[in-house]
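Okay, structure first, notes after.
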Amino acid sequence: MPTTDLIITGSGILGLATAFLAHRQGRSVHIIDRSDRPVGSSIQNFGHACFTGQSDSAQPIATRAREGWLDAAAATGLWAAETGTFVPATTEAELTVLEQFAAHRGPEQVQLLEPAQIAEAIGNPGLATVGGAHLPLDMRVDPRQAAPRIAAWLAEHGVEFTWNTQVTEVADGTVSTTRGDFHADEVVVCPGYQLTSLFPEIAEAHEIRICSLVMSLIEAPQDFPTGFAMLTGTSLARYDGFAAMPGAEALRRDLDEREPELRGCIANLMVTDIPQGLLIGDSHTYDLSPEPFVDERIGGLLLDRATSMLGIDQPTVLQRWLGMYADSPTTNLVLERPDERTTVAVVASGIGMTLSFGIADLILSHATADI
């Protein structure tokens, strides 16, 4: 019976990162996916690799992930920018969290900025801030091109792909599909929110659901600074690293009072510059079977708040969409081994693009992590 060293089901960024590292190890790799190219969560997001904002416990994985992105960019030629993230503080509560975070992490990860510096950095010298920060280790990739480019490079270098093929069962080195059975010494299953149909018991144990996010792409003004990524106060209340600071609870109360609409739609207001324009978002809703409709009120709210901060008076909206990813209220990462030849890996929060290569390293080394 012909076998492969490793079969990976799913061509999202986690599956592709795992394939990339396994290929570098000299292993034969076969990827099986139900679509004919990467079209899921990995192309729907910001492409913002926010390593710094992750929890303290995730930092070793984030460091490995950053190395992996740089390695993949050098090998495949995908666009990756090491320009960091800017975080304007428009209130004292936001500045307090940034100051505490800077003291906690140190200047290699967090550099505090004066009001004039942060306002200039985000392209709106008139923005009223009380300070801000630059997170120099963060990166940006183009989400519309990164996963497709890695997949193309892998195919060019001997990784086998079977597209348009639904996986129906995985156990003990056998992958059953709508095209028959495939066999490997080891199988890594990266199904995203499709975990609910492939391994329902694991999905139910971790309360897996689908998170939907209202997002948009606008045209970047001609004089807008390039190399740009921005987080805001809502991000400081959401990302685990910032949210662990002593001032985070006061910040949440401040946001509840000052921005009830943003808090009501569970917003993480952020902007990322990619070659096609400025990505703006996002809100969060949770459901087992989400409806596909974009709420124009929420889209307009996010657009208004973001463009107001950036000083863009008349934004040109190029696209709107719902991003979707697997989410769990109990964990950021599902990493289980239902048998000795099968690993099931799902990033159960919005940090899959960021930590993909670090988690791929965990998968291949059969390690575990609490992030």
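For the peptides 8-15, 53-60, the ranking by packing is 8-15, 53-60, with the highest mean count of neighbouring Cβ atoms within 10 Å listed first. Protection proxy ranking for 326-336, 219-229, 188-198, using the average of other Cβ atoms within 10 Å per residue and placing the highest first: 188-198, 326-336, 219-229.
With labels modelled as points extended 7 Å from the Cα through the Cβ direction, what inter-label distance (nm, one decimal) is found for I266 paired with D295? In this crude label model, I266 to D295 measures out at 1.1 nm. Taking all protein chains into account, the per residue accessible area for the chain stands at 40 Å² (1.4 Å probe).
For a quick protection proxy, order the peptides 92-100, 36-44, 230-238, 22-30 by their average other-Cβ count within 10 Å, most packed first.
Listed from highest to lowest mean packing, they are 230-238, 92-100, 36-44, 22-30.
In the chain, a dipole from Cβ-located charges (positive for Lys and Arg, negative for Asp and Glu) runs towards its positive end, and of G180, C190, F357 it is G180 whose Cα lies farthest in that direction. If you plug the beta carbon distance of D5 and T178 into 1/(1 + (r/R0)^6) with R0 = 41 Å, you get a FRET efficiency near 0.95.
For region 100-213, a simple Cβ point-charge model (Lys and Arg +1, Asp and Glu -1, everything else neutral) yields a dipole of about 500 debye relative to the Cα centre.
Close amide-amide hydrogen proximity is noted between T165 and D33, R34, S35, each under 5 Å apart and 5 or more residues distant or on a separate chain (H modeled in the peptide plane; Pro and chain starts excluded). Rounded to the nearest Hz, the phi-derived 3J(HN,Hα) couplings of region 305-310 under the Karplus curve 6.51 cos²θ - 1.76 cosθ + 1.60 (θ = phi - 60°) are 5, 5, 5, 5, 5, 8, where x marks glycine and proline.
For the chain, the share of accessible area belonging to carbon and sulfur comes to 48 percent (1.4 Å probe, ligands and nucleic acids excluded). The slack between Q166 and E204, meaning 0.36 nm per residue of separation minus the straight C-alpha distance, is 11.5 nm. Placing unit charges on the Cβ atoms only, positive for Lys and Arg and negative for Asp and Glu, gives region 224-371 a dipole magnitude near 180 debye about its Cα centre. Farthest toward the positive end of the dipole of the chain, out of I13, L78, S283, is the Cα of L78, where the dipole comes from beta carbon charges about the Cα centre.
The values are calculated or read from the model by the stated rules, or taken from the named source; none is laboratory data. None of these values were measured; they are calculated from a predicted model. Because the Cβ atoms are built from the backbone with ideal geometry, glycine has one as well, and the counts that use them run over all protein chains shown. In case anyone asks, the SASA skips ligands and DNA or RNA and just uses the protein heavy atoms, side chains included. Shrake-Rupley method; radii C 1.70, N 1.55, O 1.52, S 1.80 Å.
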